[in-house]
Amino acid sequence: MKHKPASKKPNLWRSVGAALLGVQSDHSRQQDFSQPSALPFILAGLVAIVLFVGMLVIISRFVAG
């Protein structure tokens, strides 16, 4: 079984998800902060938060009847 070489570019959604859950490793965090622009991470974070809040609203309306 061959191992894939570690890519230099982080997986945006995996990084944002791990950061939102608070389980991001120090290595991943350092790799994210070494990127030239924070804008993709900021936009992905905002999208993830909006989706999370939207899911909470839908679930609460469903439970409340």
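Quick one: in region 12-65, which of the residues that are under 13 Å from the mean Cα position of the chain (by Cα) and charged (D, E, K, R) is surrounded by the most Cβ atoms within 10 Å (Cβ to Cβ)?
Restricting to residues being under 13 Å from the mean Cα position of the chain (by Cα) and charged (D, E, K, R), the top hit is D32.
Return yes when S28 is of a type in the set (S, T, Y), at pLDDT 90 or above and outside any loop (DSSP other than H, G, I, E, B) and no when it is not.
no
The values are calculated or read from the model by the stated rules, or taken from the named source; none is laboratory data. What you are looking at is a predicted structure, and each value in this text was computed from that prediction instead of being measured. Because the Cβ atoms are built from the backbone with ideal geometry, glycine has one as well, and the counts that use them run over all protein chains shown.
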